[in-house]
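Data block below; observations after.
The values are calculated or read from the model by the stated rules, or taken from the named source; none is laboratory data. Bear in mind that the values here come from a model prediction, so they are computed numbers and not experimental data. With ideal geometry, Cβ positions are generated from the backbone for all residues, glycine too; neighbour counts draw on all protein chains shown. Ligands, DNA and RNA are stripped out before the accessible areas are found, and what is left, the full protein with its side chains, is counted by its heavy atoms. Shrake-Rupley method; radii C 1.70, N 1.55, O 1.52, S 1.80 Å.
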Amino acid sequence: MKKWLGLALTVGVVVAALTAPWLAAIDPMVTDFASSLKPPGSPGHPLGTDQLGRDLLARVLYGARLALFIGACTVAVTAVVGGLLGLVSGFVEGWPATAIMRLADVQLSFPFILLALTINAIVGLGLRNIILSLSAAGWVVYARVVRGEVLSVKQRDYVHAAAALGVGRPRLLFRHVLPNVAPSIVVVASLQFSQFVVAEAAISFLGFGVQPPTPAWGSMLSESRDFLYVAWWLAAFPGAALALTALGVNLLGDWLRDTLDPKLRV
Amino acid sequence: MRAWIAARLAQTVLVVVLSLTAVFGMVRLAGDPVLLFMPMDIQAKDVNEYRQRLGFNDPVLVQYARFMQGAVRGDFGESLRYRRDALGLVLERLPATLLLAGTAMLLTLTVAVPLGVVTAVRRDRAVDHAGTVLTVLGQAIPGFWLGLMLIYVFAVQLRWLPTGGMGGLAHLVMPSIVLAAFYAARVARLTRSAVLDALGEDYVLTARAKGLAERRVVGKHALRNSAIPIVTLAGLEAGQLLGGAVVTETIFAWPGLGRLTVQALLNRDFPLVMAAVSFTSIVYTLMNLVVDLLYGWLDPRVRSRA
């Protein structure tokens with residue numbers, strides 16, 4: 001049940017994002033003052049239009065592209081950077097490991113969203129910078145989980161056996177330890193994905209991150225606040241899209257964890 | 001035990017010092033605070049005078065030393081916008097955030113923990129399924145969207161509650177529900193799995209075998225033993241309320257620390273940003289320390305592991 005609902009929602013959002021140019025016949029940026037703030041169900045605008053007469057369906061669909069793109073990039077960056085740092089700090093003992101873990105402690109002394117927001121306010125607005133800020137604030141989870149796994153995996157007999165056979169340390173790490181840690185990386189990635197998508201929306205909502213007129217769910221919700229009294233649909237649909245995305249990915253992540261790594265708590 | 005506490009304290013002090021360094025480093029990376037704050041058409045002479053007055057002309061190391069010295073004494077300098085002691089502004093906003101977070105916590109404890117227990121005891125029954133749907137939704141629905149929808153229904157349409165601001169009890173209802181939603185959903189799930197774990201233990205079997213009423217088996221044996229993981233994880237997660245407050249307070253125009261931080265960031269008021277972020281980080285770190293010490297006290301195995 002969990003699995004199928006999660007899979008259906010996730011696939012649905014991915015397909016909607018990929019086929020946005022065909023699903024929405026209208027350009028999400030084209031304004032049309034004559035038909036501004038039309039309610040859902042208006043001819044040609046199934047979800048209505050916003051204050052500038054832009055088609056809401058098109059904007060929500062293109063918003064899915066942006067959200068998934070940011071989520072995927074951030075997960076990729078944090079998985080590689082955090083995963084590598086976790087591998088190294090678990091495998092190599094001594095000061096580099098201590099330094100990495102102290103850095104992780106420092107990052108964990110800030111609430112995630114506050115750290116990502118502050119970094120974003122400093123590095124600046126735009127797509128590249130939001131990915132950078134979320135990655136800078138989010139790699140720690142991987143580093144910690146992977147380090148913990150490596151610490152236990154490297155004590156296993158097959159690792160000792162490989163070392164006794166004269167396998168070099170880099171090969172030992174990437175051929176014998178990494179494949180056994182990989183399931184945890186996959187589980188963390190799926191559980192982090194929705195956190196990144198929601199955080200990006202929250203940061204854009206607060207006025208940083210992705211700026212209008214780019215159709216991002218967060219900045220659309222932010223703009224919708226001024227029209228809450230007259231146009232509920234501007235707040236309802238982008239938020240529902242965001243919630244459904246988060247729901248689908250969360251369910252999929254839960255299922256992955258139950259299947260691959262039931263003991264993992266993130 | 002004493003050595004363990006000392007080690008944890010020393011580690012906390014180190015983390016706080018490093019976090020303050022990180023805050024200083026982040027803000028310095030942003031560029032010249034005066035130029036960023038000032039209007040575009042200001043004259044160079046005025047910029048320089050301002051810079052000199054605030055000490056931004058000194059070498060970075062000197063500024064760092066001054067920042068750390070000030071931080072120890074609770075002096076983060078003067079807000080560029082409000083021309084007042086930055087930490088004073090932060091402390092002024094603190095009670096509002098504490099009230100909001102405290103209410104959210106209370107809501108969580110009175111709703112989420114019982115929900116977790118009931119869904120564990122009635123596993124795979126209708127209550128359990130309904131509870132699961134609720135907690136899964138609670139974790140997926142972003143707080144700021146929930147906030148907007150609640151405002152639309154209860155403030156715009158029904159006119160039962162105010163849209164925002166701080167005042168009577170009515171003002172507290174929506175912000176605390178929004179802040180609690182995600183946290184409560186997590187706590188309910190944690191409670192459910194902890195109680196389920198405990199119900200599978202031998203001592204529960206023994207208690208049942210000797211004929212104890214189910215109410216006592218759950219209340220006395222299962223719940224007592226699952227209290228440790230619940231308290232720990234709930235405590236660790238409680239820090240996230242400080243992060244959630246940033247968004248929640250902005251939606252509901254709640255005059256707390258989170259909204260102050262967002263406004264300071266938007267205004268590029270960097271002394272105030274430093275004060276607010278440092279303060280939040282220190283509170284967060286201390287909360288984690290308290291939870292850790294509590295855990296070590298409840299469960300001796302933790303002490304030996306560290």
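For segment A:24-170, a simple Cβ point-charge model (Lys and Arg +1, Asp and Glu -1, everything else neutral) yields a dipole of about 240 debye relative to the Cα centre. The local environment of residue A:63, defined by Cβ-Cβ distances under 13 Å, has a net charge of -1 under the rule Lys, Arg +1 and Asp, Glu -1. Looking at segment A:206-266, the trypsin sites (Lys or Arg not before Pro) that sit in a DSSP loop and have at most 16 other Cβ atoms within 10 Å of their own Cβ are A:263, A:265.
Rolling a 1.4 angstrom probe over the protein heavy atoms with all chains in place gives segment B:92-254 an accessible area of 47 Å² per residue.
The ratio of the alpha-carbon radius of gyration of segment B:87-170 to the globular-protein estimate 2.2 N^0.38 Å is 1.42.
For residue B:220, the lysines whose Cα falls under 20 Å of its own Cα, not counting residues fewer than eight places away in the same chain, are B:210. Along its principal axes, the protein assembly as shown has C-alpha extents of 74, 63, 56 angstrom, given from the largest down. When exposed loop sites are taken as trypsin sites (Lys or Arg not before Pro) in a DSSP loop with at most 14 other Cβ atoms within 10 Å, the longest stretch of chain B clear of them is B:211-306. For residue A:3, the lysines whose Cα falls under 20 Å of its own Cα, not counting residues fewer than eight places away in the same chain, are A:263. When the Gaussian network model of chain A links Cα atoms closer than 10 Å, the mean-square fluctuations of A:71, A:253, A:94 top out at A:94. Note on chain B: dipole from Cβ charges, positive end direction compared against B:23, B:140, B:250; the farthest Cα belongs to B:140.
Placing dummy labels 7 Å off each Cα toward the beta-carbon, the span from residue B:46 to residue B:94 is 3.5 nm. If you take the Cα Rg of segment B:92-254 and divide it by 2.2 N^0.38 Å, with N the number of residues, what do you get? Against the compact-globule rule of thumb, the ratio is 1.19. Put simply, the amide H of residue B:78, placed in the peptide plane, has neighbours under 5 Å in B:86, leaving out anything fewer than 5 places away on its chain. Note: segment A:149-266, Cα convex hull, 128 Å³ per residue. Taken one residue at a time, the phi angles of segment A:213-228 give Karplus couplings (6.51, -1.76, 1.60, θ = phi - 60°) of x, 3, x, 10, 4, x, 6, 5, 5, 4, 5, 5, 4, 6, 10, 4 Hz. Gly and Pro are set to x. Accessible area per residue for chain A, computed on protein heavy atoms with a 1.4 Å probe, is 42 Å².
When the helices of chain A are scored as -39500 (n - 2.57) per DSSP H run of n ≥ 4 and the total is divided over every residue, the value at 222 nm lands at -23000 deg cm²/dmol. Per-residue Karplus couplings for segment B:140-150, computed as 6.51 cos²θ - 1.76 cosθ + 1.60 with θ equal to phi - 60°, are listed in order as 8, 6, x, x, 6, 6, 3, x, 4, 5, 5 Hz, Gly and Pro entered as x. Where the centre of each part is set by its Cα atoms, how far does segment A:210-251 sit from segment A:99-153, in angstrom? So the two Cα centres are separated by 26 Å. In segment B:250-291, what residues drop by 50 Å² or more of accessible area when the other protein chains are put back, versus the chain on its own? Use 1.4 Å, and skip ligands and nucleic acids. SASA drop of 50 Å² or more in segment B:250-291: B:265, B:284. Its Cα centre serving as origin, chain A has a Cβ charge dipole (Lys and Arg +1, Asp and Glu -1) of approximately 800 debye.
For the chain pair B and A, buried accessible area totals roughly 3800 Å², probe 1.4 Å, rounded to the nearest 100. Under the convention that each Lys and Arg Cβ holds +1 and each Asp and Glu Cβ holds -1, the size of the dipole of segment B:92-254 around its Cα centre is about 500 debye. Atom-type composition of the exposed protein surface of the protein assembly as shown places 66 percent of the accessible area on carbon and sulfur (1.4 angstrom probe).
For chain A, the Kirkwood estimate of the hydrodynamic radius, built from every pair of different alpha carbons, is 20.2 Å.
For residue B:161, the residues whose amide H sits under 5 Å from its own are B:155, ignoring neighbours fewer than 5 places away on the same chain, with H placed 1.01 Å from N. Just checking the listed ones, A:108, A:52, A:165: in the Gaussian network model of chain A with Cα springs under 10 Å, the one fluctuating most is A:165. Farthest towards the positive end of the charge dipole of chain A, among the residues A:189, A:98, A:34, is the Cα of A:98, using unit charges on the Cβ of Lys, Arg, Asp and Glu. Along its principal axes, chain B has C-alpha extents of 86, 59, 28 angstrom, given from the largest down.
Annotation for segment B:163-223: chymotrypsin sites (Phe, Trp or Tyr not before Pro) lying in DSSP loop with at most 13 further Cβ atoms inside 10 Å of their Cβ do not exist.
In the protein assembly as shown, a dipole from Cβ-located charges (positive for Lys and Arg, negative for Asp and Glu) runs towards its positive end, and of A:60, A:23, B:98 it is B:98 whose Cα lies farthest in that direction. Within the same chain, aspartates and glutamates fewer than 8 places from residue A:2 are excluded, and of the rest, those with a Cα less than 16 Å from its Cα are A:254, A:258, B:124, B:128.
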